[in-house]
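Where a number appears in this text, it was derived from the coordinates with a stated rule and is not lab data. Here the structure is a predicted model, which means the values were calculated and not measured. Because the Cβ atoms are built from the backbone with ideal geometry, glycine has one as well, and the counts that use them run over all protein chains shown.
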Amino acid sequence: MRAGTTAPERYTYDLPEALEASEPPEGRGLTRDAVRMLVSYRGTGSIVPSSFVFLPRFLDPGDLLVINTSGTLPAAVDAVADDGTAMVIHLSTRLDRARWVVEPRRVVGRTTERWTGPPPRHLRLAGTASATLEEPYGERGRLWTARLELGARTLSWLATHGRPIRYGYVERPWPIEMYQNVYATTPGSAEMPSAGRPFTPEAVTRLVAKGVGVAPVVLHTGVASLEADELPYPERMTVPASTAEWVNSAHRGGHRVIAVGTTVVRALETAVGEDGTIGAYDGWTDRVISPDNGVRAVDGMITGWHEPASSHLMMLEAIAGRGLLRTSYEAAVTQGYRWHEFGDTHLILP
């Protein structure tokens, strides 16, 4: 299945607004690794409430965690149309030196909303910078290709003029550091690969001390505000040869490979060969994971709590099965787990 095809029917549910995390745990006086964690076992169907700080208790020596070391960009940029309309563009995916996939958005109070209809084509940015929207990207017309004229290196310009992408459930701005995973090394994601946010240096140390391996991939995420029937767009990714060998070695030894986030699952499942082994990979992925095609590279995952009917739920169903997915989400709602990038976490094990 590839991006742009029709999304199959997927699991959905009702999300109470009160469960949307409106601030990072640090804003509530907690450390990153103090968020709650629900542990779900596919083999038995059991679920165990816990906390992320106790993650090593649920993993065994020889297990391998695979993390996404892509760093978050300050990808939200103010813009003004020729008629004076105030806008915001979200930079999603870099296509080449000057061209990006972007999402034009309308300013509404303290937040923004999707632009409906054809957007203005010529936008003024901060200083003398500008953006020209060229053509729709994908079938929905929500994203556009755009040529940016910044007069400076993109990362330097964004560091001065950009800010983290923020949606309406986050009540006030937070600095970019709140949207970075502690192990991020390579800037490029429009939004934080947030499954890794609860990790701290101390958490990684506890895992390594137990004998749990940690291996990196890089997948630069685009904007996550997909429509309910919208599939993920192509994204740039790298699986190093060393990580491929660590994954293969873990499986040969009978150990579990646990993906930290949907981005890691997508990357590893793109790099898996016909024989089930992982190879090095550097390029684009349009892989869409669903119960129809399943997973071969990973045995479990750490993930956040995803919005109703989102495409991420297809991937979770492929890993957990619909019955366990339903039970887990019902328990998370009943027990008051928090959603989105600043929320609680979910560990799915075989």
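Worth pointing out:
- Taken as Cα centroids, region 144-184 and region 298-332 sit 28 Å apart, rounded to the nearest whole angstrom.
- Here region 76-161 is treated as a sphere whose radius is the Kirkwood value from Cα pairs; by Stokes-Einstein at 10 °C and 1.306 mPa s it diffuses with a coefficient of 123 µm²/s.
- Pair-distance profile P(r), taking every C-alpha pair of region 271-344, with 5 angstrom steps and integer %: 3, 13, 21, 24, 17, 11, 7, 4, 1
- Report summary: the helix-based calculation at 222 nm, which adds -39500 (n - 2.57) for every DSSP H run with n ≥ 4 and divides by the residues of the chain, gives -5500 deg cm²/dmol.
- Of the trypsin sites (Lys or Arg not before Pro) found in region 90-136, those that fall in a DSSP loop while having at most 10 other beta-carbon atoms within 10 Å are Arg97.
- Each residue of region 130-147 is assigned a 3J(HN,Hα), and the resulting list reads 8, 9, 10, 6, 9, 7, x, 10, x, 7, 7, x, 7, 9, 9, 7, 9, 9 Hz, derived from the Karplus form 6.51 cos²θ - 1.76 cosθ + 1.60 (θ = phi - 60°), x at Gly and Pro.
- Where Rh is the Kirkwood radius over Cα pairs, Rg/Rh for the chain: 0.96
- Angle in degrees between helix 201-210 and the longest Cα principal axis of the chain, rounded to the nearest 10: 30 degrees
- With Cα atoms, 0 to 90° folded angle of helix 322-334 axis to the chain main axis: 70 degrees
- For region 305-350, applying the loop criterion from DSSP together with a ceiling of 15 other beta carbons within 10 Å to the GluC sites (Glu not before Pro) yields no site.
- Spin-label model, Thr111/Asp82: points 7 Å from Cα along the beta carbon direction are separated by 3.2 nm.
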